[in-house]
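Quick notes on the structure that follows.
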Amino acid sequence: MSLPLIAALLFTVALLVTTAYFILGSVPLLILQHDTPKDSRFVRGFFNTYYLAAVFAASGAAVSFAFARRPLIAAGAAMLVVVALVLRWKITAKMDELGTRIQSGATDAIAGFRRAHVSAILINLAQLVLILWSLTVFTTQ
């Protein structure tokens, strides 16, 4: 097995573990009331950290798979980088905006924050399923 393929395997495992860990870690955070600035800052920081870790792992996987001459998997990993960057920009901005509204006493912002939280979890779950599916499809070719 070549060095780029070993690196690709390690980055892929890191991406899978990171995604699964943050899904499992974000679900229990739904018990928070999301009604205090501390709650909203913590949840927002949790997702921001996940997106940064996902960008790192997916970038490493994309480069490694490219060097290992697996262009389809490299392109898929590169797409995950773009998706993670866009989600980080969109979701954390939405959570920031709703967190500010929660601080000012807007009660509808709590429900909006909870919806953003659930949406982020579902998107991450879909990403995990897509990663696993793509690995089973593309590694057999």
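The values are calculated or read from the model by the stated rules, or taken from the named source; none is laboratory data. Note that this is a predicted model, so its numbers are computed, not measured. Because the Cβ atoms are built from the backbone with ideal geometry, glycine has one as well, and the counts that use them run over all protein chains shown.
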Of the residues Gly112, Gly99, Gly105, which single one is modelled with pLDDT under 90 and at positive phi?
-> Gly105
In the stretch 90-104, anything free of Cβ contacts under 8 Å to residues at least 12 places away in the same chain and surrounded by fewer than 17 Cβ atoms within 10 Å (Cβ to Cβ) is listed as Lys90, Ala93, Glu97, Thr100, Ser104
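Given the condition acidic (Asp, Glu), farther than 21 Å from Ala8 by Cα and more than 18 Å from the chain's Cα centre (by Cα), answer yes or no: does some residue in the stretch 88-100 qualify?
Yes - at least one qualifying residue is present in the stretch 88-100.
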Hey, could you check the stretch 30-43 for residues that are crowded, with 22+ Cβ neighbours inside 10 Å and closer than 15 Å to Ile121 by Cβ and say which is modelled with the highest pLDDT?
-> Val43
In the stretch 79-88, is there at least one residue being of a type outside the set (Phe, Trp, Tyr), out of contact with any Asp or Glu (no Cβ under 7 Å at 6 or more places or on another chain), more than 17 Å from Leu29 (Cβ to Cβ) and in contact (Cβ under 8 Å) with a residue 60 or more places away in the chain?
-> yes
Can you tell which of Ala109, Ala126 is surrounded by 17 or more Cβ atoms within 10 Å (Cβ to Cβ), without any contact (Cβ under 8 Å) to a residue 12 or more places away in the chain and of a type in the set (Gly, Ala, Ser)?
-> Ala109
Close pairs from the stretch 31-56: first under 18 Å from Thr19 (Cβ atoms) and free of Cβ contacts under 8 Å to residues at least 40 places away in the same chain, partner exposed (fewer than 14 other Cβ atoms within 10 Å of the Cβ) and basic (Lys, Arg), Cβ under 7 Å, at least 6 apart | none
Reported set for the stretch 58-89 where residues are basic (Lys, Arg) and surrounded by 15 or more Cβ atoms within 10 Å (Cβ to Cβ) is Arg70, Arg88
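From the list Ala74, Ala57, Ala61, Ala53, which one is over 25 Å from Arg115 (Cβ atoms), out of contact with any Leu (no Cβ under 8 Å at 6 or more places or on another chain) and of a type outside the set (S, T, N, Q)?
On inspection, the qualifying residue turns out to be Ala74.
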Would you pick out the residues in the stretch 24-70 that are part of a helix (DSSP H, G or I), of a type in the set (D, E, K, R) and over 15 Å from the mean Cα position of the chain (by Cα)?
-> Lys38, Asp39, Arg41
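Determine whether Ile73 is assigned to a helix (DSSP H, G or I), touching a Ser or Thr at 6+ places or on another chain (Cβ under 9 Å) and not basic (Lys, Arg).
So Ile73 passes the test.
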